[in-house]
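Quick notes on the structure that follows.
The values are calculated or read from the model by the stated rules, or taken from the named source; none is laboratory data. The structure presented is a predicted model; accordingly, all values stated were derived computationally and were not measured. Methodologically, a virtual Cβ is constructed for each residue, glycine included, from the backbone with ideal geometry; neighbour enumeration extends over all protein chains shown.
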Amino acid sequence: MGSRSELAAAVLMGLGYPCVMIAALIPDIWMFAAAAAVTYAADFYLHQRGSYLVNRLNKVRAGLPIRFLLRQLLLILLLAREGLAEQPMFYAAVACFLLFYGLQAPHGALTTLIRLRRTMPVVTRNIDLNAVRIPDAPPRALLRRSGEKMLHLDIPAMAGVIAAAATGHYLVGYVGTAVTIGLAFLYTAALVPYLRRKRRVPSAPAVLKAVQTWLGEYQPTVALYFSGSAESAYQANMWLETMEQLEGRPIVIMRERNLVTKLNATSVPVLCVPGGQHLMAMKLDTVRVTLYAANVGKNIHMLRVPTMKHVFIGHGDSDKLASVNPFSKVYDEVWTAGRAGRDRYALADVGVLDQDIVEVGRPQLAPIKTWTGAPKNPIPTVLYAPTWEGWDNNPGNTSLLLAGENIVRRLLEAERPVRVIYKPHPFTGIRNKKALAVHERITAMVEQAAAERATDPRWAGQAAAAKADQDAARAELARAEARMAELAKPGRPGGDEAEQSRVSLADPQRLAEVEQLRAEWNDAYWRSFGWWEHKVVTGAEPKLYDCFNESDGMVSDISSVVSDFIASGKPYAVTDSAELGVHEFKRQNTAVRAAVILSNSAEELDQLLAAVADPAADTLADARTELKQYLLGPDEPTSIEQFNAAVRALAAKAEARNAGVQQRIGEQAIGQLDRESDAEPGGANGAENANGARARRGSGTADGDAEDSGAEDSGAEDSGAEDSGAEATAGVAR
């Protein structure tokens, strides 16, 4: 149902329709008017909020048109029960509603056609499509929630007829019905101009041809391929900065339209191709390396291309089973952060060969600041960042269900005060509603503790001293947010995805300003409240790594969050929610070897709090340093240098494979020509001539010997090329 207000609106609507029916039967005009108004208001509110209930009503055949029709039919019943069935007003109302519903079909057809003819086969960012003309989108007011707007045009007729029945002044009823029909005609007529050719986007073949032309000019060399659910956009966003730093000509290839709007601003060209047939028809001849951030079914549409090498880079490095997915065998290589990833695949024995694993570090971790060894503020800050519940309900997936409330309660009630930052995983609660309920209780706990701390005399002095700076920080936040909103979507407000594809071209100045504004926003965010104030952080901003930098220690679960946090060198704790025991938990999970291991009671938290507050009590500091290199690789060369080197090496393998294939095709063609020549009439003489020519080329003279020797060397090289090509082909098959 969603929020309590949505539940209240749903209850009101559920009660409103029976009341409308009862009022029509009694009859009671004013009760009918009041109940109808309640149903209108509740319906409108639920649509505004995008409530889950709206979709459910459609599924049970009680959708929006049915609800409006029911209300109108009950008004006709009310008129009949009031003895007005023989009055012209009655017939006017019936005719009005019949004509009004007759207009729904052309209106719906027009809006559908306009949307279809404004839908391109691709969505792009930073790609110049000026080769095709993409007109401006129709006004947002015409198409956004158009069906709902059209149906609400019955309000003048409903109000006029009810007023006429109540007062006996039928003119107001006639005026109301005329206004409803007139507005419906005008709304429908306003859509017609947008069906004209100059208002439509080019045909799919024209757009795809323009994209192919651009690809031929840009000649991308390395691609980040991504497909996933609406909640998974963060998996692509985490690689955008890395793509911007790559050598060559990078491109991001996506498959879902709704994910394009969720991408962070980037200078890298973005090409979203929803249709598998369109993607498979595209010529990506220059791409030599394709990077995959997730194992999803649509990967097959790119994996089928043999001229490029395919690499699984994932969206995190952890000891979860997903990090050693047997599906990874399909890729030519699997890139891991450090030695731990290689060993993880060896232990799992899922068919990924050791020679196909490359250690490249984690380029995304560059923004994480290294620990200084002492708390950043007068009291330490502890981050609680649990992962989500996973698809299989394994009790070891997340600490939320069994330990979450204990962890937060112990942090909030610690003898030596700490500040708590709670940042849940974006997927929390999508699989298990119990996890969502726990998340909501933890949020309430943190917010209540923050409210109590705000009134605590211990912090009153700091709060008074920091008030001016906090007010200035909030003003700076508002300014940065407003400016980033302006820069987020180039072009005029209300443009659809086709228009956005036209205007969203790379603008270095705009991107530099966005980056500067993000830095200013992040600094202002943390200054906008006290260093003693507990905080719940959800949404994309501030980012997880910003929370890392703000905290002095962390509590989390087995996930890439732990591996990433280790880059900071700060103390951390991990919960053994499955109750494996400390020894077995560490044996199974590399990332916890330098962690404080928590049971579901979280009573071991004192060890973490001691290490955070006093470096002398930090007994795991050396273990964390050693584990950091094992998990994330060496500090030198930098991770982005390692990543670029891996791309270059694999691109060279792709080039060698393609050259080998071309050479074998050429040799096969020559052989075919020879066979055709031998098969011609008089072929014996041709064969003799051909053999004579071969004999002369291979004669026993010194020159002939040299030539023959060269041929043998060339043959050896060809054999090597064939072996190399066979290996490459086998890699693709894997």
Quick check: is even one residue across region 86-101 surrounded by fewer than 16 Cβ atoms within 10 Å (Cβ to Cβ), part of a helix (DSSP H, G or I) and under 41 Å from the mean Cα position of the chain (by Cα)? no
For a quick check of your reading of the model, give me the residue pairs whose first member lies in region 650-679 and is not assigned by TED's automatic domain parsing to the domain that holds THR286 and loosely packed, with under 14 Cβ neighbours inside 10 Å, whose second is aliphatic (A, V, I, L, M) and assigned to a helix (DSSP H, G or I), with beta-carbon atoms closer than 7 Å and at least 6 apart or on different chains. SER677/ALA690; ASP678/ALA687
With criteria (1) modelled with pLDDT of 90 or more; (2) more than 25 Å from ALA450 (Cα to Cα); (3) hydroxyl-bearing (Ser, Thr, Tyr), SER563 comes up short on (1)
Does THR307 satisfy the condition of being more than 19 Å from the chain's Cα centre (by Cα) and crowded, with 22+ Cβ neighbours inside 10 Å? no
For region 546-629, which strands (runs of 3 or more DSSP E) that fit wholly inside it have 1 or more residues that are closer than 21 Å to ALA366 by Cα and touching a Phe, Trp or Tyr at 6+ places or on another chain (Cβ under 6 Å)? 553-556, 572-575
Against the condition farther than 17 Å from ASP43 by Cβ and among the hydrophobic types (A, V, I, L, M, F, W, C), how does ALA159 come out, does it pass? no
So, ALA8, is that one of a type in the set (A, V, I, L, M) and in a loop (DSSP other than H, G, I, E, B) or not? no
Candidates ALA506, ALA488, ALA498 - the one that is more than 15 Å from ASN264 (Cβ to Cβ) and within 22 Å of the chain's Cα centre (by Cα): ALA498
How about region 529-548: which of its residues are more than 23 Å from the chain's Cα centre (by Cα) and buried (at least 19 other Cβ atoms within 10 Å of the Cβ)? GLY530, TRP532, GLU533, HIS534, LYS535
Of all helices (runs of 4 or more DSSP H) fully inside region 152-219, the set with 2 or more residues that are assigned by TED's automatic domain parsing to the domain that holds ALA137, in contact (Cβ under 8 Å) with a residue 60 or more places away in the chain and touching a Cys at 6+ places or on another chain (Cβ under 7 Å) is 170-191
Counting only residues that are of a type outside the set (S, T, N, Q), assigned to a loop (DSSP other than H, G, I, E, B) and in contact with a Ser or Thr (Cβ under 8 Å, 6 or more places away or on another chain), which one in region 381-404 is surrounded by the fewest Cβ atoms within 10 Å (Cβ to Cβ)? PRO395
Go through HIS425, HIS439 for me and flag whichever is part of a helix (DSSP H, G or I) and surrounded by 21 or more Cβ atoms within 10 Å (Cβ to Cβ). HIS439
Can we say ARG344 is surrounded by fewer than 18 Cβ atoms within 10 Å (Cβ to Cβ), farther than 18 Å from VAL536 by Cβ, among the charged types (D, E, K, R) and outside the structural domain of LYS653 (by TED's automatic domain parsing)? no
Could you grab me the full set of residues in region 159-205 that are among the hydroxyl-bearing types (Ser, Thr, Tyr) and exposed (fewer than 13 other Cβ atoms within 10 Å of the Cβ)? THR167
